[in-house]
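The values are calculated or read from the model by the stated rules, or taken from the named source; none is laboratory data. For clarity, every value in this text was computed on a predicted model and none was experimentally measured. Cβ placement follows ideal geometry from the backbone for every residue including glycine, while neighbour counts extend to all protein chains displayed.
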Amino acid sequence: RRGDTQADRKETVRLRLENGGSPCAGRVEIHYKGQWGTVHDYKWDLPDAAVVCRELDCGTAVSAPGGAHFGRGSGPIVTWKVECSGTERALKECQSEEWGHYSLSHDNDAGVVCSDHRAPRLLPQNSQCFGRLEVQFGDTWKTMCGLEWDLKTANVACAQLRCGVAVSVSSSMHSGGSAVLTATEVFKCMGNETQLGTCPRSSTTHQDCTGHNNVTLICSGNNGPRLVGGENRCSGRVEVLHGEQWGTLCGDYFGLQDANVVCEHLFCGTVKSIPRDARFGRGARPVWKENYECNGNERRLWNCPVSHGESFNCLHGSMANVICSDENWALRLVNGESRCDGRVEVYSHGSWGGVHDTVWDQNDANVVCRQLGCGYALEIYNSSKYGESDGDSWVHVAQCHGHESQLQDCRISNTLNSSDIEGSSVGVLCSEHFQLRLSDGGSPCA
């Protein structure tokens, strides 16, 4: 039957979806008579969900899960036994039990997934804010084309994942055992959005958007850091994310070792200076009551010990500032027959240098091939195949687990000159080398 409080529903009624990862999926909540409440899932089905999606301008209904699929809500149950035809413009127009504040169990809260639902995740799912990106379109997970993504869009994905800001975005090959669906939708974010679903979108026309060009993200992490107010992302006032709020670190307790870890965390090289003035602005956010006690060897700020002083009176005039060297890494394979075959060289500290073969193994080689968009490693060679690196360049010794998206994510040690250690430079033959050779048409069979 139609509830007998239809007149009461003429008041402003607000609707939202909570805990679903985007504004277009989640637990159905109604703001009614001054309080947010939920909807009981008795008789809840797809036509009811269709009305919710229409009312929220979220496209069409994909599913109508009950049983508190998106978690148990709080407050009262506003209504139950909802029966929409599916054509109504708003949920308050549907037949239901009388609207009010029922004291029913939230174990049966109703949910909705709409077609415009867009939510990211990083794989493997136990990774800490880095990995291969997938986006949920409605109820289907798809990989994103790495050739169509930029840092602004990556920032939105990291923010939606509560993983801070984007440190890097790159293209990598999917190495899982199952097939993947590649999305044809392209996000064109400005960078200030909080959800991918609110970014402008278009369709991709790139011919190379296949399972070999998936987006790999490295986010700064769920407790930051980021540098604000500088000339680039590698200089500025040090801010750290706690929950959903950014705050400044106090400069009174911020030293060289802490600054080195911040630069390392953001892949910004090493510390150039730690300004003690307010040249990067004073900031309007809170100053966190914590003191990072890094030893300088950590690779992420969250690995440093932290103390919290009870008598903390740091003012905005004493903020932590950092200017990093901004030495971005580059990777290449040289002296081979294609870009996916050759001696491994890394650009760092102003010059190119080889990677040493002392502890080099299949895991390390797979990371190199993945970072270059060259598939996986088929063969590992020493300098007898591709020759040694020239000059007094940096020599890198890498130790990877194999799941890293970039070589700089691995444990890296450096020595100034190749004569400092025994051994030779490594080379790699990646799986995509053969696809590249075939595409050149260099034989009667291709």
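Listing for the model above:
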quantity: Candidates GLY373, GLY353, filtered to the one that is modelled with pLDDT under 80 and not in a loop (DSSP other than H, G, I, E, B); calculated: GLY353
quantity: Residues within the range 17-63 that are within 32 Å of the chain's Cα centre (by Cα) and among the charged types (D, E, K, R), tallied; calculated: 6
quantity: Qualifying positions in the range 360-370 - closer than 13 Å to ASP341 by Cα and either hydroxyl-bearing (Ser, Thr, Tyr) or in contact with a helix residue (DSSP H, G or I) (Cβ under 7 Å, 6 or more places away or on another chain) (or both); calculated: VAL368
quantity: Residues of the range 72-82 that turn out to be under 13 Å from ASP41 (Cα atoms) and either touching a Pro at 6+ places or on another chain (Cβ under 8 Å) or assigned to a loop (DSSP other than H, G, I, E, B) (or both), as a count; calculated: 5
quantity: Residue in the range 112-132 that is within 25 Å of GLN35 (Cβ to Cβ), part of a loop (DSSP other than H, G, I, E, B) and in contact with a strand residue (DSSP E or B) (Cβ under 7 Å, 6 or more places away or on another chain) present; calculated: no
quantity: From THR182, THR198, THR140, THR216, residue being at pLDDT below 70 and at negative phi; calculated: THR182
quantity: Unique residue being in contact with a His (Cβ under 8 Å, 6 or more places away or on another chain) and at pLDDT below 90 when the list is GLY111, GLY20; calculated: GLY20
quantity: Any strands (runs of 3 or more DSSP E) falling wholly within the range 213-305 and containing at least 1 residues that are closer than 19 Å to ASP326 by Cβ; calculated: 214-219, 226-229, 235-242, 271-273
quantity: Residue list for the range 334-348, filter: surrounded by 24 or more Cβ atoms within 10 Å (Cβ to Cβ), among the aliphatic types (A, V, I, L, M) and modelled with pLDDT of 85 or more; calculated: VAL344
quantity: Per-region count, the range 261-289, residues surrounded by fewer than 16 Cβ atoms within 10 Å (Cβ to Cβ) and either farther than 30 Å from CYS410 by Cβ or within 26 Å of the chain's Cα centre (by Cα) (or both); calculated: 10
